[in-house]
Structure formats: C-alpha cells, structure tokens
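Quick notes on the structure that follows.
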Amino acid sequence: MPQILVFGDSIPAGAIDPEGGWVVRLRSYLIKNGYIDWSTFLYKMAVDVDNSTRILSRIKSETACRIRHKDERKLFIFAFGLHDTCFFKDGRIITDKKTFEKNVRNIIAWQKEIGGDIFFVGITPVYEKKTRPVAYTTSGKNFSNKNISEYNSILRKVCKDEKILFVDVFSKMLPKARILFIDGVYPNNKAHGIILKSVIDELEKSDILVDWPKRNWSTILQSYKDMPKVRT
Amino acid sequence: MVIFMAEIFVFGDSICVGAIDTKGGWVIRLQRYLIENDMLDYSTYLYNLGVDAHTSEDILARFETETRSRLPHKEGRKVFIFAFGINDSCFFKAGHSLVEKEMFKQNIRKIIIAQRKFGGDVFFVGLTSVYEKKTNPLPYSRTGKIFTNKRILEYNSILKNVCKEEGILFIDMPKELFREAPSLVPDGIHPNNEAHKMIFEAVKNRLKNSMVFADWPKR
C-alpha cells in the first residue's frame, strides 16, 4: 500500500485547527482531486513540542514498523523546527544552529536510504507579543521571529543543497502574525489554510504525485460523492 | 499557571487508521463527535497510532516507545484505546495461525501491563467482521491467507474475557456488522462508510455511560 508519513510537531498534528490541521486537510484535498485514493495510508507522526533531535531519535523505529514492503510508494513530509528555535530567559537554548543543521542533514541522509519522495515545510512565524516570553510558562520560554527566520534559512539552505522541495511559509505569514497566531504560536484555522495552500501549490508544480498508485475499488469511488467539502 | 494537556492514544490496525472510510474512519468520527458535544476540545491531542496489518505482536513491540515519545506532559489526562485482533485471527491454508490464541491472550495481558505504567483510562474495541466470500481465502494472497467470522469471534471472546478479568471496558461490535457483512465490508476486510459509522456509534454509546471523558480538561 502506498504511504505518506508526516513527521513534525504540534502544527502538523493539527493544533488548533477545528478542521484537523493542514495535514488532514491535505489528505482530503489530494483524494478529492484524484491525486491519491483511500488505499494510501497517511501516518501522521507529528508530536506536540517535538524538535529535530527528538524526531531524529524516533524516526527510524516508527518508520520501520510502518513500511512493510520496501518497494511501496512513499512520501515523507517533514514540518518541524519551531521548537528548536525556542530559548529561555536564563539563556538556555533547545538546539543550537549547528546541531539543528546536523539533525536535518542526518534525517535527509536516513531518508535517502529508505527511498521515496520527500519535502520539507518551513517554520511558521509567531506573534511576538505573546511569545516574549510565552505567557503560560514558568521557565520564561521565548520564541522570536528573528531566531525563527535564521533556523528557517538553515532548512532552506540544506534543502537547496540536497535538491529537496522546500515549502517556505515564513515570510508570507509574518505580516499577518497577529491574526493568524491568536495564542502566539499555534496557527488558527485560517493559518492552517495558508500552509495548506502553499503546500498544494508546490506539490502540484512538482512531480511527486504523478502516477501515484491507486486501487480502483468501485465502492470507494461510489462513496466519493459524499466526501466533505475541502477548503483550501 | 500550569496547562494540563490531555492526550488520546489509539493503537490498532488499518481499520483504526481509517481504511476505507471516506470520512476518515471511526476514530476521527469519534473525535469530531466528542468535540462537537463539548466533551473535549482541540487542545486534546489525538494520536492515531493504527498501522496497516498490525497484530497484537506488532503493537506490543512498539507500544511503550511510541507512547513514551508522545508524553511531554506526564501529568496530563490520558486515554488509551486499543482496537486490534483481526490480523491475529488470520490463518493459512496449511493450518497455522498468524498469532496463535494462547499467544494472543498473552500479548493482550502484556499490553495491559505496559499500559498501566502510564496510567490513565483504557478501553478495548472488539473485532469487526469479514465478508468471507472475499477472505476465504484472500484472492491476492500467495500464502493462502484466510479470515473467517467464526475465528474472528473466537479471538473476540479471548479479548472480551481478558478485559473482564482485568476490569477493563470492552466495547463489543454490533451483531449486525456480522450479519450484514457482504454490504458493510465490501472489500472483504475493511468496513465501508456505513460500517465505520456503526463502529463509531457502538463506541460512542458505550462511552456515554462511562466516566472516561468525564470532566475532561479543556482550554
């Protein structure tokens, strides 16, 4: 069975979009537009607060037990980095830039061994008024757009080096951060829509979904009629 | 202020992932229902950890590591939902089973022991039916894989009994799912939209009378 594996943090996990987040909405869009069908398994392996180090530590085992045949068609989607950029009032940081770059390169090197397609989604900005520091933390957790922009550039650079599709969302969301990130960090329904549209635009230009394998279950085709409406 | 995060973990097979329901499967239907009825909100993370073709053996092997890497908030409220067994019940024309009954029973017990380390609530969902005309044997299987409802019900009883002994909520699937298998499980194994709706309804109705989602934390 073809598979789409998504690794990332709370944002690909769907927080806090009542429609389930851009990953779930992407799947609906791809099915509705005939790119994939319901025989494709989408494994949303996104975890709240995950950073590049933690993703690197779980990616191997979590992929190994989901891929049954190495020749199956597969697509890896990565959407992380925000929690790597986090820093604390006492100067502590989560991931320094050098480690971040190394982690990203290690993840890519590992994916190349497994095979399949791959793309990265860039880091989303924050609404700084609510993240300097994050209101509800006692540790003085901070997110700044300057820092995010720098980590996002590392992702962009590595993807360019490795000739991997990179869906940049940072600069197009930054001017509207106040309305897109109501609580400071989490994209709302509209913001998830912007990420979704950026991903779709880039995917449709790429050849990742060309000839994606489908199963013609007549019963499934029949039930396409009552598919929920997808907003992009 | 401390924010208590809440998490729902669902471990199971392809049916738990949602195949082949165009509305995403019974797990997503349940999440939507719970949110719409104000029993939880979107600050609760639902981790659907169903994997195609997985048996109790496969789930036991990954349960602890996959749970541990999703628990940034140890003090948070959590519920574990297990929905597996149909792949365990599979057997081959040569006679042997994919997972023998005794092994199945032991695996369930081991999973329950592992779950207790993490705390939180837990419930099991019973096995779904197959359309035997398409599964006895599976036409595309080279090894002669067979699924029968008789055997599925035997495995379902094992699961039900272990849950009873351990005092764990077990949600049995409606008889209709077995009676009407040809129309509800048209590809042989995977419940269609209507059948996923039935599974969701069965789970929802049982949960209504339980304390599982009572006073669930919201933002």
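The values are calculated or read from the model by the stated rules, or taken from the named source; none is laboratory data. Nothing here was measured: the structure is a model prediction, and the numbers come from that model. Virtual Cβ from ideal backbone geometry, glycine too; neighbours counted across all protein chains shown. With ligands, DNA and RNA removed, areas are computed over all heavy atoms of the protein, side chains included. Shrake-Rupley method; radii C 1.70, N 1.55, O 1.52, S 1.80 Å.
Values as computed for the structure displayed
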item	result
Fluctuation leader among A:193, A:20, A:91 - chain A, Gaussian network, Cα springs under 10 angstrom	A:91
Shielded by partner chains, region B:32-70 residues - at least 20 Å² of accessible area, 1.4 Å probe, vs chain alone	B:42, B:45, B:47, B:51, B:52, B:53, B:54, B:66, B:69, B:70
Of all accessible heavy-atom area on chain B, the percent that carbon and sulfur account for (1.4 Å)	52 percent
Sequence-distant residues sharing a close amide H with residue B:46 (under 5 Å, placed H)	B:8
Net charge contributed by nearby residues that have their C-beta within less than 15 Å of residue B:150 (K/R +1, D/E -1)	+2
Choice from B:183, B:69, B:129 with maximal GNM fluctuation in chain B (Cα, 10 Å cutoff)	B:69
Normalised per residue, the volume of the convex hull around the Cα set of region B:113-219 (Å³)	156 Å³
Fraction of beta bridges assigned by DSSP in chain A that are antiparallel (%, nearest 5)	15 percent
For the protein assembly as shown, accessible area per residue (1.4 Å probe, heavy atoms of protein chains only), Å²	43 Å²
Considering only the protein assembly as shown, percent of DSSP beta bridges that pair antiparallel, nearest 5	15 percent
Efficiency of FRET between residue A:139 and residue B:64 - r from beta-carbon atoms, R0 35 angstrom, step 0.05	0.80
Prolate/oblate/rounded call for region B:23-85, Cα gyration tensor, a/c under 1.5 rounded	oblate
Global form of region A:127-207, assessed from the alpha-carbon gyration tensor, a/c cut-off 1.5	oblate
Under 18 Å from the Cα of residue A:129 - aspartates and glutamates, other chains or at least 8 residues apart	A:183
Low-density loop positions, trypsin sites (Lys or Arg not before Pro), region A:1-81 - DSSP coil, at most 14 other Cβ in 10 Å	A:68, A:70
Computed [θ] at 222 nm, deg cm²/dmol, the protein assembly as shown (DSSP H ≥ 4; -39,500 (n - 2.57); rounded to nearest 500)	-12000 deg cm²/dmol
Calculated P(r) tail over 26 Å for chain A, as whole % of Cα pairs	37 percent
D (Stokes-Einstein, µm²/s), Kirkwood Cα radius, region A:24-136, 0.692 mPa s at 37 °C	202 µm²/s
Loop trypsin sites (Lys or Arg not before Pro), region B:57-129, which have at most 14 other Cβ atoms in a 10 Å radius of their Cβ (DSSP)	B:74, B:93
Violating pairs (Cα-Cα greater than 32 angstrom) within the set A:98/A:214; B:93/B:175; A:102/A:130	A:98/A:214
For residue B:24, distant residues with modelled amide H under 5 Å away	none
Relative contact order (%) - chain B, alpha-carbon pairs under 8 angstrom, separation at least six	26 percent
Residue-count net charge about residue B:132 - beta-carbon cut-off 12 Å; Lys, Arg +1, Asp, Glu -1	+4
Vicinal HN-Hα couplings computed from phi for region B:39-54 (Karplus, 6.51 cos²θ - 1.76 cosθ + 1.60; Hz; Gly/Pro x)	8, 8, 10, 6, 7, 7, 8, 10, 9, 8, 10, x, 9, 3, 6, 6
Gaussian network model of chain B, springs between alpha carbon atoms under 10 Å - residue of B:102, B:201, B:154 with greatest fluctuation	B:102
Net charge contributed by nearby residues that have their C-beta within less than 10 Å of residue A:140 (K/R +1, D/E -1)	+3
